[in-house]
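The values are calculated or read from the model by the stated rules, or taken from the named source; none is laboratory data. These numbers come from a predicted model, not from an experiment. Heads up, the Cβs are rebuilt from the backbone with ideal geometry, glycines too, and the neighbour counts pull from every protein chain shown. With ligands, DNA and RNA removed, areas are computed over all heavy atoms of the protein, side chains included. Shrake-Rupley method; radii C 1.70, N 1.55, O 1.52, S 1.80 Å.
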Amino acid sequence: MGYRAGVVGAAGFAGIELVRLLSRHPEFDLAAATSDALAGTPIAKAYPAFTGVTDPAFTGVTDLAFSTHEDTDFSAFDVVFLAVPHKAAMGMAPNLIAAGVTVVDLSADFRLKDPAIYEKWYAPHTATDLLAQAAFGLPELTGDELAAAAERRAAGEAVLVGCAGCYPTATSLAAAPAIRAGLVDAAAPVVADAVSGVTGAGKKATERTHYCFANENLEAYGVGTHRHTPEIEQILGLEGRLVFTPHLAPLNRGLLSTVTLPLAPGAAPTTEELVELYRDFYAASPLVSVMDAGVQPRTASVAGTCRAQVGVAVHPAGMIVATGAIDNLGKGAAGQGVQCANIVFGLPETCGLEEIANPV
């Protein structure tokens, strides 16, 4: 018998990806998948890919500040994954934690350490006590926080993980080794241009994501105002220096971030030296692959997985150009949530996440 797991908000794109991963996870037993809109609907009816794989139906949440569920008592669960909109998770997490349930949140509610910054970009934070104790979920870069959370959970405490967002994950994995090695000018701006598939915008269609507008189109959005900016700055220590521009591409899944980093005075690494530095940095990170010199990551090579590919090169203008490719629903959301849960529960971080992308 494995750990009992539930997914709240299971009918959305990140939520249904959690259902896919947990339904075949060797240690987490998916015991409930909730959706207000699809309560009572078989999962396989809403998402035919599950035909013959899983029989349960979505169940509904009776109270957004819930401690009980329509037909499931969450207090009996070991872990609940929250795949809900921003501002909803901080209303749900306190009761779950109080009931002794570990929470893995995929929203932004427990990512930003400073509640004033959260309020600036989202809304006033209503669970600042939990925010202060939440572990930030980007295992390759915040492993110490997750290890501490694992120790607390092993001691019988319910813990909370706020998983990193998709753009911050790809951007930070690409840039962190160079920044942490002191190779980047600490006074100059860092530019990150990132491109995401349409599933990153959520399940509900908008004028930007409707097929007729997204197909055969590429555009920037949230220029200078995107909410992932402070999260990336927090991870990389770039407060006030990040120029982040996201773009929407006509593909379902995948995210590519290209980060341009000005070299620090006196720094003159070769591309080959950078590749070796990056490989040393990620030597203990089984889900991150550093490409050979002259080879760039591809979103198609990580789609459907929790893997990341990172490339790095020296530009003759005195810059480092680092690139990171992930699946925005995998390493950028659901897969990362499962990876964090694996660590918190003392499992191998790759448990249930071993798949490779379709080669063609």
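Worth pointing out:
- For region 292-351, the set of residues classified as farther than 18 Å from Cys166 by Cα and assigned to a strand (DSSP E or B) consists of Val312, Ala313, Val314, His315, Met319, Ile320, Val321, listed by residue number.
- So Thr270, is it within 21 Å of the chain's Cα centre (by Cα) and not small (Gly, Ala, Ser): no
- Within region 78-89, at least one residue is out of contact with any helix residue (DSSP H, G or I) (no Cβ under 6 Å at 6 or more places or on another chain), open to solvent by less than 10 Å² (accessible area, probe 1.4 Å), at pLDDT 85 or above and part of a helix (DSSP H, G or I).
- Any hit, region 44-53, residues being at pLDDT below 90, within 30 Å of Thr350 (Cβ to Cβ) and open to solvent by 30 Å² or more (accessible area, probe 1.4 Å): yes
- In region 111-134, the residues that are surrounded by 21 or more Cβ atoms within 10 Å (Cβ to Cβ) and among the small types (Gly, Ala, Ser): Ala134
- Within region 1-43, restricting attention to residues that are of a type outside the set (A, V, I, L, M) and over 23 Å from the mean Cα position of the chain (by Cα), the residue that is surrounded by the fewest Cβ atoms within 10 Å (Cβ to Cβ) is Gly40.
- Qualifying residue in region 261-281 (condition: touching a residue at least 12 places away in the same chain (Cβ under 8 Å), surrounded by 15 or more Cβ atoms within 10 Å (Cβ to Cβ) and touching a Ser or Thr at 6+ places or on another chain (Cβ under 9 Å)): no
- Single match in Gly202, Gly197 (criterion: more than 30 Å from Val314 (Cα to Cα), modelled with pLDDT under 95 and among the small types (Gly, Ala, Ser)): Gly202
- Scan of region 207-242 for residues that are open to solvent by 70 Å² or more (accessible area, probe 1.4 Å) and over 16 Å from the mean Cα position of the chain (by Cα), ordered by number: Glu207, Arg208, His210, Tyr211, Cys212, Phe213, Glu216, Leu218, Val223, Thr225, Glu239, Gly240
- In the set Ala108, Ala148, Ala181, only one residue is of a type in the set (Gly, Ala, Ser), buried (at least 24 other Cβ atoms within 10 Å of the Cβ) and over 21 Å from Val302 (Cβ atoms); that residue is Ala108.
- When Glu219 is tested against (1) in contact with a Gly (Cβ under 9 Å, 6 or more places away or on another chain); (2) more than 16 Å from Gln309 (Cβ to Cβ), just one condition goes unmet, and that condition is (1).
- Region 18-61, subset in contact with a Leu (Cβ under 6 Å, 6 or more places away or on another chain) and of a type outside the set (Ser, Thr, Tyr), residue farthest from Val103 (Cα to Cα): Ala46
- Considering region 189-200, and only residues there that are touching a Lys or Arg at 6+ places or on another chain (Cβ under 7 Å) and more than 24 Å from Lys113 (Cβ to Cβ), the residue that is most open to solvent (accessible area, probe 1.4 Å) turns out to be Thr199.
Here's the yes/no breakdown for (1) in contact with a strand residue (DSSP E or B) (Cβ under 7 Å, 6 or more places away or on another chain); (2) modelled with pLDDT of 95 or more; (3) hydroxyl-bearing (Ser, Thr, Tyr):
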{"residue": "Pro316", "(1), (2), (3)": "no, yes, no"}
{"residue": "Gly324", "(1), (2), (3)": "yes, yes, no"}
{"residue": "Phe345", "(1), (2), (3)": "yes, yes, no"}
{"residue": "Val360", "(1), (2), (3)": "no, no, no"}
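- Pair list, Cβ under 7 Å, 6 or more apart: region 8-23 residue more than 7 Å from Ala83 (Cβ to Cβ) and in contact (Cβ under 8 Å) with a residue 60 or more places away in the chain, other residue open to solvent by 10 Å² or more (accessible area, probe 1.4 Å) and not in a loop (DSSP other than H, G, I, E, B): Ala11/Ala46; Phe13/Thr199; Glu17/Ala333; Leu22/Leu30
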